[in-house]
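Input: one structure, supplied below.
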Amino acid sequence: LLCVDFCWSLGACQVIHFGWVALRCSSSEQWKNYVPQYLVLRSNRVNLFDFPPTSAGDLSQSVPGHSILTSHCSEVQADRLLDDWPYCFCITTADGEQLYLAAESQLELAKWIQQLRRATVDAALDGVMVFKGTWNRKSVDLTVSLQEQLALFDGQDKSSIWRKPFAQLVKTSTDDGSVALSFLPRTSTDANAHQKSETETFKIHFQWEHHGVVNVIHNMMLAAVATLDPTILNEDDLS
């Protein structure tokens, strides 16, 4: 009851959802594989605590704390569950770390997935991310937002190199700090063009965590679709 009253009183901190979960950790003893953690979802971050926070200051003292916009959240499907724990979901952070979490019930899992999706979309609506990198041996800035969608600029004079809509992006892949973005040609009218290798690929090496770049692109694309069809946030599988 104390925790519920506390969370209701933290309007300025925009606490959206909170509760106990089990965090999977590496251990040679199976019974130690999962430890109880108190997960708090705010408007733009997720935080893990050993115990429920009792003051607003506690929110800044949790380890770890991760940005929603640069993380990827998804439900773990039945054929990919680890151990014998059901009701699991995964948060992949900007540095590639995977937080493998188990909810207390199917109902709680559904609540976490829905609230994480809504928080992701809300963060993306006004979010603009600029990632500094290198492409063709020159400094570039990749801007990702709902307004610009995907835009690459010269890192020196800020001139536009290209702009691409999310609808043209067919594949993202990562390798050694680089992100490869593959697009359908703008002139292509063939829905199966990507199956014929008729794609344009840009491989950009980023100074920032490349997993975070891919996560932001994924989240922005989800938000773009959600603005057109909000019911997508209620679908069971968006992983």
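For segment 114-126, state whether one or more residues are in contact with a His (Cβ under 6 Å, 6 or more places away or on another chain), surrounded by 13 or more Cβ atoms within 10 Å (Cβ to Cβ) and over 18 Å from Val213 (Cβ atoms).
Taking every residue of segment 114-126 in turn, at least one turns out to be in contact with a His (Cβ under 6 Å, 6 or more places away or on another chain), surrounded by 13 or more Cβ atoms within 10 Å (Cβ to Cβ) and over 18 Å from Val213 (Cβ atoms).
Out of all the residues in segment 197-220, which are in contact (Cβ under 8 Å) with a residue 40 or more places away in the chain, under 16 Å from the mean Cα position of the chain (by Cα) and open to solvent by less than 60 Å² (accessible area, probe 1.4 Å)?
Residues satisfying the conditions are Gly212, Val213, Val214, Asn215, Val216, Ile217, Asn219, Met220.
With a cut-off of at least 2 residues that are touching a residue at least 12 places away in the same chain (Cβ under 8 Å) and closer than 30 Å to His17 by Cβ, name the strands (runs of 3 or more DSSP E) lying wholly within segment 101-167.
In segment 101-167, 128-135, 138-145 are the strands (runs of 3 or more DSSP E) which contain 2 or more residues that are touching a residue at least 12 places away in the same chain (Cβ under 8 Å) and closer than 30 Å to His17 by Cβ.
Listed here are the residues, each with its yes/no results for (1) modelled with pLDDT under 85; (2) charged (D, E, K, R); (3) crowded, with 20+ Cβ neighbours inside 10 Å.
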residue	(1), (2), (3)
Pro36	no, no, no
Asn44	yes, no, no
Asn47	no, no, yes
Ser60	yes, no, no
His72	no, no, yes
Asp83	yes, yes, no
Cys90	no, no, no
Glu97	no, yes, no
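The values are calculated or read from the model by the stated rules, or taken from the named source; none is laboratory data. No experiment lies behind these values; they were computed from the predicted model shown. Virtual Cβ from ideal backbone geometry, glycine too; neighbours counted across all protein chains shown. Surface accessibility is based on the protein's heavy atoms, side chains included, excluding ligands, DNA and RNA. Shrake-Rupley method; radii C 1.70, N 1.55, O 1.52, S 1.80 Å.
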